[in-house]
Amino acid sequence: MTDVTKRPRDEYWRVVVLSNIQGGVVFHHVSRVVRPLGHKVVGVVTTPGPKRLYDPAYLDVVAEAARETEVLVTARPSKLASMLQVWNPDLTVVGGFPWKLPPEVVELPRLGTINIHPSLLPRNRGRYTLEWTFRHGDAETGFTIQRMTPQFDRGPILAQNSVPIEDDDDGASLLDKMMPTLPALLSDAFERVAREEPGEPQDESRATDSPAFEPEWREIDWAQPARAIHNQVRSWTGIRLTPKGAFGDVGGDRLLILRTRLETEEGHESGQPPGTVIDRNAESIVVQTGEGPLRIVEWKGVDEGPETKSG
């Protein structure tokens, strides 16, 4: 990285972070990148979110960020502009903030407002990005840092990276791959902000959305191919507001299936109808699908308590 973002002391950036991601990770990544450049995170805004999307992760942000800077907790986005004026921000960085920001908030900082989005925009605009990444069966995903505009997730792109998605990945392992890439990506975006570059417009012909799943998507149809069911199960990530696992009937039992593994047909009897249990032991259950077998390696009976069975 070059030193283009370094400024004389009287031009250091005052940075504000808006986030309610668990562990305060967005605040920490932004702070660690801007600090060596001589800039400073002067404030953090977090929120429990709208009532229907209440997320206690904001408590983590308060616990982590309050050790180093001022923290504002609010559920009133309409008043954010006046609240942020107190900090006189040069740049606002948004990552995992559940409110759509009013135009006056986006336009307040002199260098603009940028957003960290967990998908390869313009693919999977919206809130449930990792979930739709699995549902689509995508081969890769990553972070996009874009300039925010009044249109949701449609701003010009400043920086973008990608990581591969493997067959055994789930939401947690995919985030473990993605998060270490964020500091370098932020550095690239800050360089472009310092040069006042507008970023690249998004290609609307490639755009997709990521709305909340319909309830029917949580019901497994064993007539579907093994890979499709595998992607369905892991699309219920258990991250933030998304429950974990999909429901299926297995050998007369109603199960919440939490993790599956793709199999080859070798060693299993072929020609069985979809839904047939081919093999079952304490560690796993192999079920015939409409196209190949699928191994269930973590599950819970629907009428059982919090304990799960896994192999």
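The values are calculated or read from the model by the stated rules, or taken from the named source; none is laboratory data. All values derive from a computational prediction rather than experimental measurement. All Cβ positions, even for glycine, are placed from backbone atoms using ideal geometry, and neighbour counts span all protein chains on display.
Residues in the range 234-265 that are surrounded by 17 or more Cβ atoms within 10 Å (Cβ to Cβ) and within 10 Å of W299 (Cβ to Cβ): how many? Counting residues in the range 234-265 that are surrounded by 17 or more Cβ atoms within 10 Å (Cβ to Cβ) and within 10 Å of W299 (Cβ to Cβ) gives 9. Scanning the range 168-212 for residues that are among the hydroxyl-bearing types (S, T, Y) and without any contact (Cβ under 8 Å) to a residue 12 or more places away in the chain turns up S173, S205. Which one is nearest to E140 (Cα to Cα), of the residues in the range 101-111 that are crowded, with 21+ Cβ neighbours inside 10 Å and not β-branched (V, I, T)? Among them, the one singled out is L101. Among the residues making up the range 1-28, those that are modelled with pLDDT under 95, farther than 27 Å from R240 by Cβ and either assigned to a loop (DSSP other than H, G, I, E, B) or aliphatic (A, V, I, L, M) (or both) are M1, T2, D3, V4, T5, K6, R7, P8, Y12. One residue stands out among those in the range 124-142 that are under 11 Å from the mean Cα position of the chain (by Cα) and without any contact (Cβ under 8 Å) to a residue 40 or more places away in the chain: the one that is surrounded by the fewest Cβ atoms within 10 Å (Cβ to Cβ), which is G142.
Residues in the range 159-173 that are hydrophobic (A, V, I, L, M, F, W, C), surrounded by fewer than 20 Cβ atoms within 10 Å (Cβ to Cβ) and touching a Lys or Arg at 6+ places or on another chain (Cβ under 8 Å): V163 only. When restricted to residues that are of a type in the set (S, T, N, Q), modelled with pLDDT of 95 or more and surrounded by fewer than 22 Cβ atoms within 10 Å (Cβ to Cβ), the range 143-158 contains 0. Scanning the range 220-242 for residues that are in contact with a helix residue (DSSP H, G or I) (Cβ under 9 Å, 6 or more places away or on another chain) and of a type in the set (D, E, K, R), which turns out nearest to H136 (Cα to Cα)? Filtering the range 220-242 for residues that are in contact with a helix residue (DSSP H, G or I) (Cβ under 9 Å, 6 or more places away or on another chain) and of a type in the set (D, E, K, R), the one nearest to H136 (Cα to Cα) comes out as R234. Just so you know, in the range 191-233 the residues that are surrounded by 15 or more Cβ atoms within 10 Å (Cβ to Cβ), within 30 Å of V30 (Cα to Cα) and among the polar types (S, T, N, Q) include one that is farthest from the chain's Cα centre (by Cα), and it is Q202. Only one of the numbered conditions (1) touching a helix residue (DSSP H, G or I) at 6+ places or on another chain (Cβ under 9 Å); (2) closer than 20 Å to L185 by Cα is violated by P36, and that is (1). Within the range 88-100, can one find any residue that is modelled with pLDDT of 95 or more, over 25 Å from A184 (Cβ atoms) and crowded, with 19+ Cβ neighbours inside 10 Å? No: zero hits.
Each row is one residue, and each column tells you yes or no for (1) of a type outside the set (D, E, K, R); (2) not in a helix (DSSP H, G or I).
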position	(1), (2)
V30	yes, no
G43	yes, yes
E64	no, no
R67	no, yes
V71	yes, yes
A75	yes, yes
A81	yes, no
G96	yes, yes
E104	no, no
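Among residues of the range 73-85 that are in the same structural domain as S19 (by TED's automatic domain parsing), those with a Cβ under 6 angstrom from a residue that is crowded, with 16+ Cβ neighbours inside 10 Å and among the β-branched types (V, I, T), sequence gap 6+ or separate chain, pair up as V73/T46; T74/T47; A75/T47; L80/V105; A81/V105.
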